[in-house]
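A quick write-up on the structure given underneath.
The values are calculated or read from the model by the stated rules, or taken from the named source; none is laboratory data. Model, not experiment: these values are computed from the prediction. Methodologically, a virtual Cβ is constructed for each residue, glycine included, from the backbone with ideal geometry; neighbour enumeration extends over all protein chains shown. The protein model used for the area step is the full one, side chains on, heavy atoms only, and it has no ligands, DNA or RNA in it. Shrake-Rupley method; radii C 1.70, N 1.55, O 1.52, S 1.80 Å.
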Amino acid sequence: AKSGGRNTFFFYNANMQVLADQHLSMEKALHSAIDNNELYLNYQPQVNQTHHITGAEVLVRWKNPEHGFVPPDQFIPLAEETGKILSIGAWILHEACSQLAQWEKAKLCPKGFRLAINISPKQFEQTDFISQLINVISSTNVNPYHLELELTEGILVKNLDALTTKMDAIRQMGIALSIDDFGTGYSSLKYLKKMPISQLKIDKSFIADLLTDTNDQAITGTIIAMAHHMQMEIIAEGVEDIPTVEKLTSMGCTHFQGYYFSRPVSAEDCTLLLQQEILP
Ligand code: C2E
Ligand code: CA
Ligand code: CA
Ligand code: CA
């Protein structure tokens, strides 16, 4: 038993080493990803009940010669750990606004259109975040009323006064604020109502089995009722089929995003969708 334990320990240790090496080599690669032009953006349209495009979410992609395509679920947490998220986040903000400026110039943004950009907690917490926003808006010349920031609930747990001040400043610029993955975090509902939040986004984990899972129906129904009550907009993500669209509509959900309407696509393909104005 003793030697077995020892072997197990040795094996585990070696395995850990492999993982640590992989982690380190990916971290190194990520460090020069911007300079090597390995990052690019995809866009996933959002629609209303008549399937007209009302916005799009910006989703970052990383393709590295050694590691191949690394999904954001893997490299964003790594970038958060190392602090690299600050330069990556700034790059995304600038790249997304440059694209938005082109769509504005081509008159492809319908009335009320919002381009939604995911903002990591660390990125949002930077003391100069507001001035970064001001700078990117003036250098790309975009309409701030065409922008929306997606924040996660994690942001709502600390330093409430500073947070509200920052959110108010952003809203005053015309930018909308959306709470992403709503229902999966630990945000205090008491705080939520004090925040200048425009929209709640129901996480796709509640939408995947919505048609059959009565718990998911109860949670989704509660989130929708809450959003209406607080006069916030509501959008469901991860919508993959029309019965789910119909179910959500019957529950009072007004906006949708998911594979049923469109996968995340390149800027060029998103331009075509914007020209089309309406999705299936
Ligand atoms: P998220 O913000 O919740 O993004 C939604 C994810 O759901 C995206 O995965 C999207 O491709 C996927 N999705 C969209 N429609 C459907 C559907 O109908 N069914 C299913 N099963 N999935 C759908 P993606 O692009 O892999 O991004 C994963 C996560 O990585 C994002 O989750 C977000 O947390 C993070 N992320 C992605 N891009 C950025 C970014 O630019 N900045 C930051 N900070 N985080 C990002
Ligand atoms: Ca919206
Ligand atoms: Ca998001
Ligand atoms: Ca989500």
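On a 1.4 Å probe surface of the protein chains, which of 61, 171 comes out largest in accessible area, and what is the full order? Before the final figure, lay out the partial values.
Values: 61 35, 171 85 Å².
The ranking, largest first, comes out as 171, 61.
State log₁₀ I(q)/I(0) for the stretch 63-145 at q = 0.19, 0.22, 0.26 Å⁻¹ as given by the Debye formula over alpha-carbon point scatterers of equal weight, solvent excluded.
Log10 I(q)/I(0), no solvent term: -0.92, -1.07, -1.24.
What ranking of 31, 255 comes out by heavy-atom accessible area, probe 1.4 Å, highest first?
Values: 31 120, 255 30 Å².
My answer, sorted largest first, is 31, 255.
Given a cut-off of 19 Å, name the pairs among 158/204; 158/201; 204/247; 158/193; 158/190 whose C-alpha atoms lie farther apart than that in the structure shown.
Where the Cα-Cα span goes over 19 Å, the pairs concerned are 158/204; 158/201.
Determine the per residue accessible area of the stretch 71-138 with all protein chains present and a 1.4 angstrom probe, expressed in square angstrom.
47
Under 10 Å, Cα contacts only: if you run a Gaussian network model on the chain, which one of 34, 224, 170 comes out with the highest mean-square fluctuation?
Fluctuation is largest for 34.
For the pair residue 111 and residue 217, what calculated FRET efficiency results from E = 1/(1 + (r/R0)^6), where r is the Cβ-Cβ distance and R0 = 35 Å, to the nearest 0.05?
Values: r = 33 Å, r/R0 = 0.93.
It comes out at approximately 0.60.
Give me the extension gain from residue 240 to residue 276: residue separation times 0.36 nm, minus the current Cα-Cα distance, reported in nm with one decimal. Could you put the intermediate results ahead of the total?
Numbers: separation 36, 0.36 × 36 = 12.96 nm, distance 2.02 nm.
Stretched out fully, the residue 240 to residue 276 stretch lengthens by 10.9 nm.
Could you check which residue among 245, 157, 265 shows the biggest mean-square fluctuation in a GNM of the chain with a 10 Å Cα cutoff?
157
The stretch 113-231: D in µm²/s via Stokes-Einstein (Kirkwood Rh, Cα pairs, 10 °C, 1.306 mPa s)?
My calculation gives 104 µm²/s for D.
Considering only protein heavy atoms, what is the solvent-accessible area of residue 39 at a probe of 1.4 Å, reported in Å² to the nearest 10?
10
Taking θ as phi - 60°, what are the ³J(HN,Hα) couplings along the stretch 25-40 by the Karplus curve (6.51, -1.76, 1.60), each to the nearest whole Hz, with x for Gly and Pro?
6, 5, 4, 5, 4, 5, 4, 10, 4, 5, 4, 8, 6, 8, 9, 8
5 Å is the cut-off here: which amide hydrogens, built 1.01 Å from N in the peptide plane, fall below it relative to residue 55, excluding neighbours closer than 5 in sequence?
46, 114
Show me the ranking of peptides 199-210, 226-237 by mean Cβ neighbours inside 10 Å, starting with the highest. Please report the intermediate quantities before stating the final value.
On the way: 199-210: 21.2, 226-237: 18.5.
Ranked by mean Cβ neighbours within 10 Å, highest first: 199-210, 226-237.
Just to be sure I understand: if I project the alpha-carbon convex hull of the stretch 172-280 onto a plane and average over all orientations, what area do I get in nm²?
For the stretch 172-280, averaging the hull's shadow over all directions gives 8.0 nm².
Amide H of residue 149: which non-local residues (sequence gap of 5 or more, or other chain) have their own amide H closer than 5 Å, using H built in the peptide plane?
Under 5 Å from the amide H of residue 149 lie the amide H atoms of 117, 176, 177, 178, each far enough along the sequence or on another chain.
Express the Stokes-Einstein translational diffusion coefficient of the chain in µm² s⁻¹, to the nearest whole number, given a Kirkwood radius over alpha-carbon pairs, 10 °C and a viscosity of 1.306 mPa s. Don't skip to the end; give the middle numbers.
Values: Rh = 20.3 Å.
In µm²/s, the coefficient rounds to 78.
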